[in-house]
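Below: one structure, written as structure tokens.
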Amino acid sequence: MEKVILIRYGEIFLKGKNRGFFEKTLLTNIRNSLVKFNLEVNKVPGRFLVEKYDEDDEFEIIERLKKIAGIFSFSPAIYFETTLDEIANNAINLMANLKGTFKVETNRADKRFELNSMQISREIGGRILANNHSLKVDIKEPEHKLFIDIRENGKTFMYADSIMGVGGMPVGTSGTGLLLLSGGIDSPVAGYMMAKRGVKVCAVHYHSYPYTSNFAREKVEDLAKLLTGYTGDLTVYMVSMTELQEEIHAKCDDSYMITLLRRGMFTLAERICKAHSRRMIITGENLGQVASQTIESMTVVQEVVKDIPIIRPLVAFDKCDIIEVAKKIGTFETSIKPFEDCCTVFLPDSPVVRPELYKVKREQDKIDFEGILERAYKSIEVVEIKAD
């Protein structure tokens, strides 16, 4: 008998002839996440196994596995040769000190085994009852469940709990994307959602130093660090928007500040994508949430992007739904720290809600838009945030 962690994947099963690519990528991601531990991660038919690990590390290993996209669920389990007596003896031992109601569930992947799944569950349940009179069977709402997974390689897994993973697709199987990472609640959630769909994410953060403090920058780096549990190592491009904002404030109608600023952000984002082979721009925009996120505002802003798709994974989310995900992934408490990002600098009293493109371009022509963005691009600072 060996103590292992049994890892299951979901959507990968739907893949056809290229399923091996997805399995290989997920295996690599698991190994990279667990590289600090002295253990092995191996593939068995339809599963992965974490083996030969120090049981003192089990809690931290489980916490890391919870964050790996592509994992549907996993279970600390025991692993042994498949015989009916071995299954029964291990089941009796696992259930020996329990009280209340229980149920045995069996998956018989090895169809050569003499009993079918229901027969195995009945047989093992009967032997458990004979050895523990404090238990009773309840197949509808049991207090305890025992899972038996008989595999095709002559081995059986047995476990009492299934821990849900992120699900989705392994990071690195759906291309690459550039996340517009602010210090707010929404953008880290957007990055997580796209990592869950297999996108390898990097990020750009726009700041207005010295109008925004170093604390605001540290907050964004902290958010990026939290995201690395889901994304792996994260490159962050730090871009100053100070000159652009000062020029808009001095020469343009203030009500167009946010619209013009975001056109500058998206122009730079597309340029970064092209320079670093990123296939999409990812934002945390949510339709109707603020003035810059009306359909009219989003339309005139995205007009500057010519060749790169803009992905808005949160566009139809309720704010409460976004907050719930932020709490789940551990970014919420950092996001609500009171350090402002560049969008709050020179904020107009009445920003335009439904801008018209010809009016936006008229305001944009009042400043050296392209020259300012060229200087901003040349001053980009690259920060590498490493996963633990």
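Structure notes:
- For the range 123-149, the candidate set comprises residues that are among the β-branched types (Val, Ile, Thr) and open to solvent by 50 Å² or more (accessible area, probe 1.4 Å); within that set, the residue that is nearest to Met95 (Cα to Cα) is Val137.
- When residues in the range 113-122 are screened for being within 39 Å of the chain's Cα centre (by Cα) and open to solvent by 70 Å² or more (accessible area, probe 1.4 Å), 1 of them pass.
- Checked against the criterion of being surrounded by 15 or more Cβ atoms within 10 Å (Cβ to Cβ) and over 16 Å from Arg263 (Cα atoms), the candidates Val352, Val383 yield just one match: Val383.
- Taken together, the criteria exclude Ile258 from residues that are in a helix (DSSP H, G or I) and surrounded by fewer than 18 Cβ atoms within 10 Å (Cβ to Cβ).
- Note on the range 265-276: residues that are open to solvent by 20 Å² or more (accessible area, probe 1.4 Å) and either at pLDDT below 95 or in a helix (DSSP H, G or I) (or both) amount to 4.
- Residue ID - modelled with the lowest pLDDT, chosen from residues in the range 67-108 that are closer than 18 Å to Arg151 by Cα and among the hydroxyl-bearing types (Ser, Thr, Tyr): Tyr79
- When Phe21, Phe37, Phe74, Phe48 are screened for being in a helix (DSSP H, G or I) and either within 22 Å of the chain's Cα centre (by Cα) or closer than 20 Å to Val166 by Cβ (or both), only Phe21 passes.
- Residue pairs meeting the criteria (Cβ under 9 Å; at least 6 apart or on separate chains; first in contact (Cβ under 8 Å) with a residue 60 or more places away in the chain, in the range 24-39; second surrounded by fewer than 18 Cβ atoms within 10 Å (Cβ to Cβ) and among the aliphatic types (A, V, I, L, M)): Asn32/Ala387; Ser33/Ala387
- Among residues of the range 43-66 that are under 24 Å from Ile150 (Cα atoms), none has a Cβ under 8 angstrom from a residue that is open to solvent by 60 Å² or more (accessible area, probe 1.4 Å) and among the aliphatic types (A, V, I, L, M) at a sequence gap of 6+ or on a separate chain.
The values are calculated or read from the model by the stated rules, or taken from the named source; none is laboratory data. Because the structure is a prediction, the values reported are computed rather than measured. Cβ sites come from the backbone with ideal geometry, for glycine too, and all protein chains shown count toward neighbours. For accessibility, only protein heavy atoms count, side chains too; no ligands or nucleic acids. Shrake-Rupley method; radii C 1.70, N 1.55, O 1.52, S 1.80 Å.
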